[in-house]
Each structure stands twice: as structure tokens, then as C-alpha cells.
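The values are calculated or read from the model by the stated rules, or taken from the named source; none is laboratory data. Predicted model only: the values in this text are computed from it and were never measured. Cβ coordinates were reconstructed from backbone atoms using ideal geometry, including for glycine residues, and neighbour counts include every protein chain displayed. Heavy atoms of the whole protein, side chains included, go into the accessibility calculation; ligands, DNA and RNA do not. Shrake-Rupley method; radii C 1.70, N 1.55, O 1.52, S 1.80 Å.
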Amino acid sequence: MLSRWQVGNRQLAQVVSLAVVAVVMIPLVYLVLGAASSGQEGIDYLIRTRTLRIVGNSIGLMAAATAFATLIAIPFAWLTSRSDLPWRRTWLVLGLAAMVIPSYLTAVTYTEAFGPKGILQSLLEPFGVDRLPGIKGFPGATLTLTFVTFPYIVLPVRAALLHCDRSLEEAGQSLGLNRWGVFRQIILPQLRPALSAGMLMTALYCLSDFGAVAVMHFNAFTRAIFIQTESYRMDKASVLALLLVGMTLVLLLLHSRMQLHGRHYRVGTGASRHLEALPLGKWKLPALIFCGAVVFLGVVIPLLVLFKWLVGHRLTDPIQVPLTLLMQNTVGVSAVSAIVVSLAAFPLALLAARGATRFNRWLVSFAYAGNVLPGIVIALALVMFATQNMLSIYQTLPLLIIGYAIRYLPFSIGATESAFAQINPRFEEAARSLGLSPWAALARITVPLARGGILAGLALVFLNVMKELPTTLILRPIGFRTFATRIWSAYDEAFLSSIALPGLALILVSAFALAIILRREEAVR
């Protein structure tokens, strides 16, 4: 039977959580209202050949980028976890650094490196190559998203590889399987859950990404929605946004059904023993070349282009924004957003871990709507909400922070809930029996024990807000500039050399913040 303290705290958590969920549901409600207001015109627009082409473009880009990212991620994860690859830890860190670079920044640097009259073409001129084919469109968008997203597959797959059951591999070898046969028939099936999760994250990223498709001029959903929003055709933008949300829901549903009806493979410690690094032998040099190519394309090329622009910078940009102001705005709004999201996620995570009733589960599920709504869709809906109901908050920092919070609330809920689930409730009961008040027990027992998960969620929100482009472009106050918006405006105005400083600063701050949080988490453990 629940104590009065437990009932009171659960009710308070439910009230706060209901308020948070009500805010989270605003974009979906206003998208439905906006699409409904278009009437027959919206239906006609939905079935136009141009709209169907946008659907095909988005699906094709998602499928291609996810497939190529998977083909890169699986061998990269295996080489950096199970082989005797020289400096494999260094290769892993360098490869995962691609996560720190925003897609729009990678896309801009790729156009400079591989486009017509770019760096590669100038290197090939002595060999008679006067002009390379254009990179923009589907090839450029696929290349960009492949190298931006492959770390999302590497992380879960590498973790699964490190926990595979070594005894199963030995059994396969004793039955006459060679190394490739062991990998294909024994290791790969064990990786299926982790691989499926990584591919889902990659596919969702590709559907919701704006930067790569905008820079590469590829007419996918996010770019089409942004164009309609700039033209103030909110009804058509709402129709496209709802269609994008529907595709995302279908993707999540298919993944859920595959997980439910598929075979679940055991990935555990098995025969508890140290996993020996498998010798590469004659494949060591090709493996080094492969890892070098991945790091070169994913990390080195963007950095080289940025340094090239930095060295060749000329003060011809008519819009000079001090780097200190960009740093202050970017770090400030990211930090405030991360704190707001962490506070909003706290009661929801507490309900999920401590009060798992049917109502509470539904409440937490609705809070995950940000996983379904891309940033540009959230921004569009909040513009409609603010202009129709609360004009005073339109183009203000509070509305911008609300947009960030809706988008990245699931990151904090997941990390915090996981931390709460690992804390024995008896610790809190013992604290209350010793005379601590309810909030004192939370503050002195629960929060300190869960601080690793809370910090992990805060870090994820902070880093993603720093890189967020479409939400910032649409919702920011007039004159408010961040690293992301400065990079975009410099690209849009063709002052490419002006991208160097904010681009390098964004990468540096993101990497530094991530390193600090990871070290803090390691110390907590």
C-alpha cells in the first residue's frame, strides 16, 4: 500500500508531467489544425506529382544513407573492438568525432572539396581534369548523411560486439566454420537488436535532417517545408509536415513490429572471459586504409576546408559578428535549454521508474512525441501557435527554448529514467524512516545516485541544441545569432571564408563539452 508521501509526490509529479505533455503536444495539434484549414486545396496538393516526388526523394535518401552508413559502421565497429588493429582506440575516437560536426557544416565543406572547381578538381588539373561533375543533389546529400550518421550505428554495434558470447564462436569454429562463417552465422545474428536500433536512429536522422538537403539543394521533406514556410504558405507546409510525421510513425511502427515478432538473440557475457583481439594478418594494411579513409572523409576533410578558409580569410563580409557574442549566445541558450529540459524530464522519468501505472506510461509515451517531430516541423507549429494565440512570445528566447525542449525532451527522459531504474527504492524508504522530508530524500538520495544519467541527458541536449539549425532559424529573436545561424547566413550570402571561425569554434566547443561530460561520467562510476 502506498504511503501518503508516495501518493502526494506521485500526484505532484503527474500534475507537472501533464503540463509538460500539454506543451509537447502543441505542435501536433496545430499541424493538424493547419492542414485541416487547407481543405480540398490541401488534398489536391498532397496528391500532386511534385509532392509524391518529394516523398520518393526522402525515402530514397533515407534508404541509401542508412545502407551506406551500415556498410561502413559494421566493419569499423568490429575493427575497433575485436581485432588487433594498431591504435584502434584512436581510430574509434577520431571516427566518432564525425558526430560533433553538424550536417550542414559537413555539406558545405564537401561542396568546396569535391564540387566543380573545388579542391579535388584543382589537384587533378595537372592530369587534364578541367571540371568535376556537380556533387549537389542526391549524391551529395547521401554522402553527407552517410558520414554524419554512421557513428549512430557504430556505438550500439560496438557495445554488442564487446558483449558477444565467446563460447558460441568457439563452438562454430569447432564445427569447421572459418572466420567469415563465424561472423556471418554466429556474430551477426547476435548483433541484430543493436544493429536495428542504430539503423532506426540513422533513418530517423535522415528523414528529419535539414542542413544536408538544404545545402545540397535536394528536394526532400525538410527543405520543401522550409521553402513553404519562408513563402508564408503555412497550410501547404502543414500538409507536408503531417506527411513527414506520418512517415516517421510508420518507420517506428515497422521497427516495433520487427522487434516484437522477430527472434531475440542473446547478447550477454556468456562464458565469462576476456575477448581476445583477433589477428588481422595480411588484412591489417587494408583495415588501416579503410579506417583512415573513414576518418579522412568524415572528419579531416571538413577540418581541412575550414582551416583553408581561415587562412585565406578576407575582411569582405559586410556582416561582422564578434566571435565572443556568437559564443555567448550559443553556449548560453544551449545551457539554459539543457537545464530547462532536465527539469521538465525529471517528473516524467520519476513516474516511469517509480509509478508505472497505465496512465503514467501513456503520459511518458506522449512526452516522447519529440522523437517523431523533426525540428523544422516543431518550429513551424510553434510559429502558428504564437502568431494566433500569444503574439507577445513570437520571435523571443522563451519560444525558442520551448522549441528546443520539445525536440530534445526524450533524450533527457531516457537517460534520467534509466538512472532512476538502477536505484533501489529502499534507499529512499530508509531515508524517510530516518526523518528526511520527501524533497530532502529526493535531493540527498535519489538525485546524487542518478546524477550520472541526469548529466548524460543534459549533455545530449546541450550538444544537440548547439548544432540545431532549422528550429533556431525559424524561432530565434530578430538579431539573435548563434554559431549555427552564422554558418548558415555566411553560406547563404556566399561568404564561405566567414564560415571558418564559427565552424571551428562550434566543433571545438562541442568536442570540449562532450569530453568534460564523459570524464565526469567516468569519475561518477
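Based on protein heavy atoms only, the stretch 28-68 ends up with 54 Å² per residue of surface accessible to a 1.4 Å probe.
For the stretch 353-402, report the accessible area per residue in Å² (1.4 Å probe, heavy atoms, rounded to an integer). Mind dumping the intermediate values first?
Values: 2220 Å² over 50 residues.
Using a 1.4 Å probe on heavy atoms only, each residue of the stretch 353-402 averages 44 Å².
Each residue of the stretch 328-337 was assigned a 3J(HN,Hα) from its phi angle through the Karplus curve 6.51 cos²θ - 1.76 cosθ + 1.60 (θ = phi - 60°); the sequence is 4, 5, 5, 5, x, 5, 5, 5, 4, 4 Hz, with glycine and proline shown as x.
Packing around the peptides 451-457, 296-302, 399-405, taken as the average count of other Cβ atoms within 10 Å per residue, puts them in this order, highest first: 399-405, 451-457, 296-302.
Highest average first, the peptides 493-506, 241-254 ordered by how many other beta carbon atoms sit within 10 Å of their residues are 493-506, 241-254.
Taking a ≥ b ≥ c as the square roots of the eigenvalues of the alpha carbon gyration tensor, the stretch 1-154 is oblate, as a/c is not under 1.5 and a/b does not beat b/c. Ignoring lysines fewer than eight residues from LYS308 along the same chain, the ones with Cα atoms less than 18 angstrom from its Cα are LYS117.
For the stretch 64-127, the square roots a ≥ b ≥ c of the C-alpha gyration tensor eigenvalues yield an a/c of 1.5 or more together with a/b exceeding b/c, which makes the shape prolate.
Assuming R0 = 25 Å, what is the FRET efficiency of MET327 and LEU304, from their Cβ-Cβ distance, to the nearest 0.05? FRET efficiency, MET327 to LEU304: 0.60. Under a 5 Å amide H cut-off, with hydrogens placed 1.01 Å from N, SER83 pairs with LEU278 among residues at least 5 apart or on other chains.
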